[in-house]
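Encoded as structure tokens, the structure appears first; notes follow it.
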Amino acid sequence: MSRKEELVRWLEKELDGNFISAEATIPGRLFIDLKREALSAAATGLMNRGARYQVGVGYDARKSGQGFGLVHTFAFDKDSLLVALRTFAPEDDPEFDSLTPLIPGAGWSEREYQDLLGLRFRNHPNPRRLVLSDDWPEGIYPLRREVPHDLMPPAAEEVAFRLEEAPPGTSIVPLGPFHASLHEPAHFSVYVDGEDIKGCEYRGFMTHRGIEKLAQTELTYNDVPFVAERICGICGSVHSVNYAQAVEAAAGLRIPRRAEFIRMVALELERLHSHLLWLGVAGHLIGFDTVFMQAWRIREKIMWLAERLTGNRKTYGMVIIGGVRRDINQDRSEDIRAVLKEVEREMLALEKAILKDRTIHKRTRGVGYLSREEAVKWNLIGPVARARGVDMDARRDHPYAAYDEVQFEVPLADSGDVWGTLVVRVKEVYEAIKIINQCLDKLEKLPKNEPLSVDLEGPIPAGRQGLSLVEAPRGEAVHYVLTGEENRPERWRVRAPTYPNLQAVPSMLLNNKLADFPIIVGSIDPCISCTDRVLVVERRSGKARLLSGQELENLSRGKRSKK
Amino acid sequence: MATVKTLIYLIVYPGLLFLFLYSTFVEWYDRKLYARLQNRMGPTHTGRFGLLQPIADFFKLMAKEDIVPDRADRKMFSVLPAVGLAIVFTAMLLLPVWNYSLDRPSVTSFNGDLIVLLYLLSLPTFIFFLAGWSSTNLFSTIGGARVLTMLFGYEVPLFLAVLSPAVLANSWRLAEIAAFYRQRPALALVNLLGFVIALICVQAKLERTPFDIPHAETEIVGGTFTEYSGKKLAIFRLMMDAEMVVAAGLLATVFLGGFPGGALLGLVNFIVKTLVVVFFLSLIRATTSRIRVDQVVSFAWKYLAPLAILQLLIVILVKGLIS
């Protein structure tokens, strides 16, 4: 009996009348509908069977008379199975049981829907605002249908930026929203006793761009991949491929083989340049600028290559629903091989220099330690989890595109510290090179004139669910799509890898030195723009106005002459 | 005549003007070398090979808005850069650059000038601490505390390492120490260990990677200098450059035989030898990552201090053998 059947049978029996239906149209996916009373019991059961919590998705289903929907997704990595539990709550009583006491990693998802949809979670240990700013007026829930995507309400009055009190005996060092070691806005208020970190509070979600809301109100299915690419400043293809896969799964579309391999090449190229970027940034964070310069010099070759392949260094614009837009022909394929060969050679030299450097050992070993158990408890993913000995990789465990046809290793480390994440990332660079070379081999053997994309055979029926994973450089990214009417998704949820990893950062920081703060936060390779993706509007005092260069100059001069 | 000579000594060479120009040159040299070690170009734009870049930077900063934080100790905050610069420039006068000759000693060469020089080189560290402290900024305060913590680590090994050659030369006077090793170059090799220790300690004193902890950009932004801007920052930067020259000059005097040969040849000697020292300092900067302040102290007391004492023992033994 497969895991899937076993789960369905157990849920039917255990939940009795609270079980509504199970849908398993695609291999590796299981969509279950429950009554909300049974949510907690079902989640407990899944966790006891070894599931890994992924993300919560809330949506406004009042149009169909179902109130508010809430989906929690779980992964069984050993069985290549993803399970989505969906429940509904009526509009006048949008309350669910909180899963956070059971699964700490669910805390953010629940707080997010508390802010955005006005859902309530019984027994949530920390029901404070997460996504919305403190001066966002009460009672406006941006993700609800009736709220327009460009709403700019006046700020609530007399509300200040709220932070928790520092524990006795400590003082607060504010790091962020603007700080030299953060490349994107996030606020950490770090409680220190001398140089020792005794705790930390994170406030983020400062760059809301309303991308999910936009997809539900303004864009069409085929527009979204290009917006999705702009979620992240590093890994654009991750989100566009992931979204396309989710829609394709919902629509039952099978893309051409050639397109699968081309998507893989794009994804792995991103992993290459992302890991090299991280290596450089990590070097900079511990004050080793030579590593920074050398890693970015190597990375630059890949950026040039990406431009040659796609026309852009970033935001490749390659992915559409049903396939890709550009081919990788024989010439390009040779270009790639040449660059990869060079990158591999230079990477070996850099690796030798880094792995043997005593000062790097001093700064990374034992720093930001988190045990394997903690890593599992917080649902850590990607290199951050693999550095703690958690053997997981969406490419292997839940193969998408054609990852089941290529051979690669999943590098692991068991040191549980920043050093481990460094080793894992360095090794992954070679695996990515290996994968790209295999993809090119396969591409060269495939027929040349095959179309690169297939068209949909008609509108996608509304109400279908699609769930997709992509192993981004930072870990697994989850996209959930619920198809809707008017040629656009009813709900599209992006869960970037930083979302779970960032939740565990306070645990990693505990009892480390303040000097190690940058590299510990850096070790998860935080991508704040991915994490902050949701919401509606940037807050502005009045109307935005474009200033010409001359006006800007006058303004800055005016300020100076005033003094 | 003597007055004119002293004035020239103070203002032109090796005093203000020379030290200013040479400090900026050494900054350029350090930046260029560091950049080339990282496959970068370094300064290229201002002047030939970017030689004038540090001077351009200096004057640019001088012209920038100069802000004193409201809560800072205004007097202290403003006076510190000038005092620091004065101290470092005074220290430069003690180096036996022109007054190398023992027959015609000038006022700044006296028995014990080595100790005075070391003392003058310690003062900038306190200036940095006070600068951080008087800014009242959190990052500055942390930076200031780190400055002092580091001082406890490197100061003793530095003193021990620099005093060893003096013990062997049997003099506390820089000109005499240099002359001693010029006469017996082989004996300079005895101090090799001390030279390495002193290099590392000077790197720490100058707060350069791996010891750039008090102003670790990614941790505490500008550290001690977070609140400094405009003229005051420009003077601090010049002070650090000049401190590098003086420290390199000190090492060149006690370990590399000083700068013989009169005004012109002495100048060449001075430039070559200090550049050699700065070369090593740049090399260290390019090949290490920043370590933590607790690691500095434990490193200094576990390795540097015992090795410095070992060096002193070697020197005493050698001294017994040759006498």
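No value in this document is a laboratory result; all are computed from the given coordinates. Everything numeric in this text was worked out from a predicted model, so none of it was measured. Cβ sites come from the backbone with ideal geometry, for glycine too, and all protein chains shown count toward neighbours.
Overview of results
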{"read-out": "Cα point-scatterer Debye curve for region A:211-531, base-10 log of I(q)/I(0) at q = 0.10, 0.13, 0.15 Å⁻¹", "value": "-0.56, -0.93, -1.20"}
{"read-out": "Peptide B:294-305 - average C-beta neighbours from other chains (10 Å radius)", "value": "1"}
{"read-out": "Residues A:V424, A:V410, B:V272, sorted so that the one with the fewest Cβ neighbours within 10 Å comes first", "value": "B:V272, A:V410, A:V424"}
{"read-out": "Magnitude of the charge dipole, region B:71-202, Cβ model with Lys/Arg +1 and Asp/Glu -1, debye to 20", "value": "220 debye"}
{"read-out": "FRET E, pair B:A82, B:V276, Förster distance 51 Å, beta-carbon r, rounded to 0.05", "value": "0.95"}
{"read-out": "Mean separation of Cα contacts under 8 Å (6+ apart) over length of region A:373-491, as relative contact order %", "value": "25 percent"}
{"read-out": "When each of A:K301/B:K60; A:K4/A:K377; A:K341/A:K513; A:K314/A:K442; B:K5/B:K32; A:K513/B:K302 is checked by Cα-Cα distance, pairs over 29 Å", "value": "A:K301/B:K60; A:K341/A:K513; B:K5/B:K32"}
{"read-out": "Longest segment of chain A lacking GluC sites (Glu not before Pro) that sit in a DSSP loop with at most 15 other Cβ atoms within 10 Å", "value": "A:219-408"}
{"read-out": "Cβ-based exposure ranking for B:M240, B:M92, A:M152, in which fewest neighbours within 10 Å come first", "value": "A:M152, B:M240, B:M92"}
{"read-out": "Size of electric dipole in the protein assembly as shown: Cβ of Lys, Arg +1 and of Asp, Glu -1, about Cα centre, debye, nearest 20", "value": "2860 debye"}
{"read-out": "Over chain A, relative contact order from alpha-carbon pairs under 8 Å, at least 6 apart, %", "value": "17 percent"}
{"read-out": "Over chain A: helical MRE at 222 nm, DSSP H runs n ≥ 4 each giving -39500 (n - 2.57), nearest 500", "value": "-12500 deg cm²/dmol"}
{"read-out": "Per-residue ³J(HN,Hα) for region B:195-204, Karplus 6.51 cos²θ - 1.76 cosθ + 1.60, θ = phi - 60°, Hz, x for Gly and Pro", "value": "4, 4, 4, 5, 4, 4, 5, 5, 4, 5"}
{"read-out": "Table column - 3J(HN,Hα) (Hz), region B:229-236, Karplus curve with 6.51, -1.76, 1.60, x for Gly and Pro", "value": "8, x, 4, 5, 5, 4, 5, 4"}
{"read-out": "Average Cα contact separation per residue, region A:211-531, under 8 Å, 6 or more apart, as relative contact order %", "value": "27 percent"}
{"read-out": "Nearby aspartates and glutamates by direct alpha-carbon distance to A:K198 (threshold 15 angstrom, same-chain neighbours under 8 apart not counted)", "value": "A:E164, A:E165, A:D516"}
{"read-out": "Unit charges at the beta carbon, dipole of chain B: most positive-side option, B:A286, B:I67, B:F225", "value": "B:A286"}
{"read-out": "Distance between region B:45-80 and region A:262-334 - C-alpha centres, whole angstrom", "value": "39 Å"}
{"read-out": "Shielding of B:280-290 by partner chains, average beta-carbon count, 10 Å", "value": "5"}
{"read-out": "Qualifying aspartates and glutamates (Cα of each under 17 Å from Cα of A:K213; at least 8 residues distant if same chain)", "value": "A:D60, A:E112, A:D115, A:E146, A:D150, A:D223, A:E229, A:E485, A:E486, A:E490, A:D532, A:E538"}
{"read-out": "Karplus-derived HN-Hα couplings along region A:505-514 (A = 6.51, B = -1.76, C = 1.60, θ = phi - 60°), whole Hz, x at Gly and Pro", "value": "4, x, 5, 5, 6, 3, 6, 8, 7, 4"}
{"read-out": "Neighbour-count order for B:M1, B:M150, B:M41, fewest beta carbons within 10 angstrom listed first", "value": "B:M1, B:M41, B:M150"}
{"read-out": "Part-to-part distance (alpha-carbon centres) for region A:135-159 and region A:165-193, which is given in Å", "value": "28 Å"}
{"read-out": "Partners for A:K356 among lysines (Cα-Cα distance below 17 Å; same-chain residues under 8 apart left out)", "value": "A:K427"}
{"read-out": "Cα principal axis extents for region B:66-322, largest first, Å", "value": "60, 39, 28"}
{"read-out": "Assigned charges on the beta-carbon of Lys, Arg, Asp, Glu; chain B dipole about Cα centre (debye)", "value": "520 debye"}
{"read-out": "Cα centroid of region B:126-201 to Cα centroid of region A:374-452, whole Å", "value": "50 Å"}
{"read-out": "Three principal axis lengths of the protein assembly as shown [C-alpha, angstrom, descending]", "value": "106, 65, 54"}
{"read-out": "10 Å Cβ neighbours from other chains, averaged over peptide A:354-363", "value": "3"}
{"read-out": "Under-5 Å amide H pairs with A:G199, H placed in peptide plane, nonlocal only", "value": "A:Y191, A:N511"}
{"read-out": "Charge context of B:P214, other residues only, Cβ under 13 angstrom, K/R +1, D/E -1", "value": "0"}
